[in-house]
Amino acid sequence: MKIYSKARYALAGFVIIVLIFLLIPIPDQLFDHPYATVLVSKDGGLLGARIADDGQWRFPPVDSLPENYIKCLLQFEDRHFYKHPGINLFSIARAVRQNIKAKRIVSGGSTITMQIARMAMGNKPRTISQKLIEVWLALRIELKYSKDEILSLYANNAPFGGNVVGISAAAWRYYGRSPFHLSWAEVANLAVLPNAPGLAFPGKNDHRLLAKRNRVLSELENDGIIDNTTHRLSSAEPLPNKPKQLPVIAPHLLDRCIKEGLAQTTIISTIDHKMQISVNELVNAYHLIYKFKQIHNAAAIIADIESGEGLAYVGNVTTDSPVNHGQHVDIINSRRSPGSLLKPILYALTIDKGLITPNQLLPDIPVYYQGFTPQNFDKQFKGAVQANLALRSSLNVPFVSLLKDYGYEKFHYDLTHLGLESLDKPASHYGLSLILGGGEVKLWEMAGLYAGMVRNLQSFNRNKGVKRYKANDFRQLSYVKPKEDPRVMRIAESRISASATWHMLKAMQELRRPDAESNWRRFSNSKSIAWKTGTSYGHKDAWAIGLNSNYVVGVWLGNADGEGRPDLTGVSAAAPLMFRIFEGLDGDAVFQMPVADMTMINICKQSGSRASKICPDTKLIPIAKGASSTATCKHHQIIHLDKTNKYMVNSKCYPIQKMKEKPWFVLPPTQAWYYKKFNANYTEPPEYLRECIPQANETMEMIYPKKFTKVFVPIEIDGQQGKVVFEAAHRNQDTKVFWFLDDRYVGETRQIHQMGLFPSAGRHQLSLVDDKGRELSVVFEAINDRKL
């Protein structure tokens, strides 16, 4: 009976112990340490890393381990790892004998699982009670995790000397390579390092470390895991020196990843390792040139058009200069004024909506829009210029006029729905200046927008004209995988047709290259590129965007603090770097015409508009279907001549039956005034017979001011009232024009009709009378500082 009671108590005690063993939970996460943030290229190359918050180089955990490392680790630490349940009683018994014999703790008999338990509990001092707790935790770990998971737990959290934790960090810090690219000698060295990382690691007690490593290699040969040749060659390999500096190849992208919620992870980027290094070298080389011009920052991006993946991301120069010039600023993801980079987009949109044809004349004359007075870069006006030529020459005034016709509100809507999310203020905040860089955008967004347009064109052609838009046709670029990550992708809601994009690219291919690149066609290996530059107001930003059939390249030069420099223009500063980058890329700017989205129309050769019935000289061209409904030519007019064909007449002064009709290319007076300076073949209509002279508005036009304009009168430095320059245009440049201010004669002009006047504050009437008696008047209000 007593024996039965004792057995019952023993059984109850055993059950209690088992219940305690099973019911006391272990942490869901054994290791709750902060991790470093690691950025790798798509081909596995390390682009950079940021140390963990506790100052340890502890890379995020990896799921798989190199096979040769596993063999070395088990050979050195735990040969029976796959046979025991977390503890090895024979090893513990051997350790007890060794410790009794040495009269101190010289061996713990710990398995790999027990070492994990010890590390998870903070490497507390070795005592019997602590060892029992480690045994319990090791058994529980074996119940919860598979053997492969246990190996990963050990390899990811083992100390490797100094502030290096985990095999991944150790491989990069000691060998500058991934653990999967290490030799037998190198993985053997990493297998023995955690055994006593404080006593022996590279650079400290190398002889002890070398002996341990070579012992492992010998045992591997004895067990037939490696052959004798591998053993001898591996044993001859030297130990690494002190830890290496980790690569700093894409620091700005790494910073961006951290800011966008990817800290303490291993980020598998879309970056091409070799391409990134190459572009880094080019950007830094150009920086050495431009820093002497006080231009201290540069950025460049390359993206694959088809996938939208960023292949190179150089957010700024990387130098060892102790002077801070804002090199830490990620320009690719910063808002900057794009200058003229939006002109091709407006060009494509207005073709798509049937507002213009590529050859259509746009006005290039002085304009004044509520205090906004755009100027061309060369300060000249050409009167009227073809839309495609205006784009190639990057003329400001024609595109401001085009935006006025299209509507800046509509343009702003289109841009934001095409991915330019930085334009987050109301359209009225930007106004017409939007087309000249009045709104700030990101290089990342601009590259994505242009890449999306080309991708859409290629998709259209691939599908033989069937509009099967893929969801990613207009998405922004991505820099990490998977591409479905919501932090790196936005889907655009609006579309630009394939045909309008083709017209845009065709014009961009015909841009004149910088002087250093002007003879590019002479070289057989030179490649065609569709490209555009931009220069912001005040020469603060220089941009260049280039495209071929495979890649988009975006470049920016300037100063991160916004300081302008006179030598800073898109053509002279950014474009040369862009072309150098393209030299290392394959592909040409071969953009197939989207025939299914095109039609043929007759256009007037002189005006470029859709030909009217009276256009005498026309040509048939392929054009986007959207542009086939543009207005017909308004510049060709039927004029009536007398029987001698020398004078124009009208029905009020000449018999209708004697009139001769003739179509004539006629521009408005102001456009004609500037146009004929650059077009010697332009012929004004003949003079009217004296009896038939029309109203002045058919022959004269006020350039400045327009009716009811408020004219600002400057105050000079001496406090005196300054002069305001008024300007008019006359069809006949030899005509004399007499000027009157408030009916008071103030002077006369011939050829160049400009007059400097000193109007007092208030309302005035300016009247012009030519030598034929034709009169033109405008009313304006003069305002000066004193009135303000």
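Could you please let me know if Ile267 is open to solvent by less than 50 Å² (accessible area, probe 1.4 Å), β-branched (Val, Ile, Thr) and closer than 27 Å to Gly55 by Cβ? Before you say what the answer is, go through the steps one by one.
Numbers: open to solvent by less than 50 Å² (accessible area, probe 1.4 Å): yes; β-branched (Val, Ile, Thr): yes; closer than 27 Å to Gly55 by Cβ: yes.
Yes.
Go through the stretch 298-320 residue by residue and tally those that are part of a strand (DSSP E or B) and either buried (at least 24 other Cβ atoms within 10 Å of the Cβ) or small (Gly, Ala, Ser) (or both).
First pass over the stretch 298-320, keeping only residues part of a strand (DSSP E or B): 298-304, 309-314.
Retained after the next criterion (residues that are either buried (at least 24 other Cβ atoms within 10 Å of the Cβ) or small (Gly, Ala, Ser) (or both)): 298-303, 310-314.
Qualifying residue count for the region: 11.
Please specify each residue of the stretch 366-408 satisfying the condition of being closer than 23 Å to Lys442 by Cβ and out of contact with any Pro (no Cβ under 9 Å at 6 or more places or on another chain).
If the condition is that a residue be closer than 23 Å to Lys442 by Cβ and out of contact with any Pro (no Cβ under 9 Å at 6 or more places or on another chain), then Ser394, Leu403, Tyr408 are the ones that fit.
Of all residues in the stretch 613-649, which are open to solvent by 20 Å² or more (accessible area, probe 1.4 Å), over 47 Å from the mean Cα position of the chain (by Cα) and of a type in the set (Val, Ile, Thr)?
Listed by number, the residues that qualify are Ile614, Ile638, Thr644.
Taking into account only those residues within the stretch 339-393 that are touching a residue at least 40 places away in the same chain (Cβ under 8 Å) and among the basic types (Lys, Arg), which is surrounded by the fewest Cβ atoms within 10 Å (Cβ to Cβ)?
Arg392
Collect the residues in the stretch 48-74 that are outside any loop (DSSP other than H, G, I, E, B) and either under 11 Å from Ile167 (Cα atoms) or touching a residue at least 40 places away in the same chain (Cβ under 8 Å) (or both), keeping them in residue-number order. Walk me through it before giving the result.
Step one: of the stretch 48-74, the residues outside any loop (DSSP other than H, G, I, E, B) are 48-50, 57-58, 67-74.
Selection gives Gly48, Ala49, Arg50, Trp57, Arg58, Asn68, Tyr69, Ile70, Lys71, Cys72, Leu73.
For the stretch 650-687, how many residues meet the condition of being hydroxyl-bearing (Ser, Thr, Tyr), within 17 Å of Asn732 (Cα to Cα) and open to solvent by less than 50 Å² (accessible area, probe 1.4 Å)? Lay out the reasoning, then the answer.
First, the residues of the stretch 650-687 that are hydroxyl-bearing (Ser, Thr, Tyr): 651, 654, 670, 674-675, 682-683.
From what is left, the residues that are within 17 Å of Asn732 (Cα to Cα) are 670, 674-675, 682-683.
Going one step further and asking which of them are open to solvent by less than 50 Å² (accessible area, probe 1.4 Å), we end up with 670, 674-675, 682.
The number of residues fulfilling the criteria is 4.
Counting only residues that are within 20 Å of Lys646 (Cβ to Cβ) and modelled with pLDDT of 85 or more, which one in the stretch 685-706 is farthest from the chain's Cα centre (by Cα)?
Top of the filtered list is Pro686.
Looking only at the stretch 755-765, decide whether some residue is in a strand (DSSP E or B), modelled with pLDDT of 80 or more, open to solvent by 60 Å² or more (accessible area, probe 1.4 Å) and more than 30 Å from Lys660 (Cα to Cα).
yes
Could you check the stretch 47-69 and list, in sequence order, the residues that are small (Gly, Ala, Ser), at negative phi and touching a strand residue (DSSP E or B) at 6+ places or on another chain (Cβ under 9 Å)?
Filtering the stretch 47-69 for residues small (Gly, Ala, Ser) gives 48-49, 52, 55, 64.
In the following step, the residues that additionally are at negative phi were identified as 49, 52, 64.
Ala49, Ala52 - these are the residues of the stretch 47-69 that are small (Gly, Ala, Ser), at negative phi and touching a strand residue (DSSP E or B) at 6+ places or on another chain (Cβ under 9 Å).
Could you figure out which of (1) outside any loop (DSSP other than H, G, I, E, B); (2) of a type in the set (Val, Ile, Thr); (3) out of contact with any Leu (no Cβ under 8 Å at 6 or more places or on another chain); (4) open to solvent by 10 Å² or more (accessible area, probe 1.4 Å) isn't true of Thr416?
In the conditions (1) outside any loop (DSSP other than H, G, I, E, B); (2) of a type in the set (Val, Ile, Thr); (3) out of contact with any Leu (no Cβ under 8 Å at 6 or more places or on another chain); (4) open to solvent by 10 Å² or more (accessible area, probe 1.4 Å), Thr416 misses (3) alone.
Sort out which residues of the stretch 585-596 are open to solvent by less than 20 Å² (accessible area, probe 1.4 Å) and either small (Gly, Ala, Ser) or out of contact with any Gly (no Cβ under 8 Å at 6 or more places or on another chain) (or both), and write them in order of number.
Step one: of the stretch 585-596, the residues open to solvent by less than 20 Å² (accessible area, probe 1.4 Å) are 585, 589, 594.
Scanning the stretch 585-596 gives Leu585, Ala589.
Checking Phe411 against (1) open to solvent by 40 Å² or more (accessible area, probe 1.4 Å); (2) in a helix (DSSP H, G or I): exactly one of these is not met. Which one?
Only one criterion in (1) open to solvent by 40 Å² or more (accessible area, probe 1.4 Å); (2) in a helix (DSSP H, G or I) is unmet by Phe411, namely (1).
Filter the stretch 597-612 for residues that are out of contact with any helix residue (DSSP H, G or I) (no Cβ under 8 Å at 6 or more places or on another chain) and not in a strand (DSSP E or B); which is surrounded by the most Cβ atoms within 10 Å (Cβ to Cβ)?
The initial filter retains those residues of the stretch 597-612 that are out of contact with any helix residue (DSSP H, G or I) (no Cβ under 8 Å at 6 or more places or on another chain), namely 600, 602-607, 609, 611-612.
Still in the list and also not in a strand (DSSP E or B): 605-607, 609, 611-612.
Working: Lys605: 15, Gln606: 20, Ser607: 23, Ser609: 21, Ala611: 21, Ser612: 18.
Per the criteria, the residue is Ser607.
Given the conditions (1) crowded, with 17+ Cβ neighbours inside 10 Å; (2) at pLDDT 95 or above; (3) part of a helix (DSSP H, G or I), report the number of the one that Tyr290 does not fulfil.
That leaves (2) as the condition not met.
Mind checking which pairs have a first residue in the stretch 168-193 that is without any contact (Cβ under 8 Å) to a residue 60 or more places away in the chain and a second that is among the hydroxyl-bearing types (Ser, Thr, Tyr) and not in a helix (DSSP H, G or I), Cβ under 7 Å, 6 or more apart or different chains?
Ala171/Ser178
Among the residues that make up the stretch 557-580, is at least one of them in a strand (DSSP E or B) and either modelled with pLDDT of 95 or more or within 19 Å of the chain's Cα centre (by Cα) (or both)?
Within the stretch 557-580, one or more residues are in a strand (DSSP E or B) and either modelled with pLDDT of 95 or more or within 19 Å of the chain's Cα centre (by Cα) (or both).
Restricting to the stretch 618-664, name every residue that is closer than 22 Å to His503 by Cβ and part of a loop (DSSP other than H, G, I, E, B). Spell out the reasoning first.
Of the stretch 618-664, the ones closer than 22 Å to His503 by Cβ are 618-635.
The answer is Thr630, Ala631, Cys633, Lys634, His635.
Tell me whether the stretch 241-257 contains one or more residues that are over 22 Å from the mean Cα position of the chain (by Cα), over 21 Å from Asn333 (Cβ atoms) and not in a loop (DSSP other than H, G, I, E, B).
no
The values are calculated or read from the model by the stated rules, or taken from the named source; none is laboratory data. As the structure is a computational prediction, the values presented were derived from the model and not from experiment. Note: ideal-geometry Cβ built from the backbone for every residue, glycine included; neighbour counts use all protein chains shown. SASA here: full protein model, heavy atoms, side chains in, ligands and nucleic acids out. Shrake-Rupley method; radii C 1.70, N 1.55, O 1.52, S 1.80 Å.
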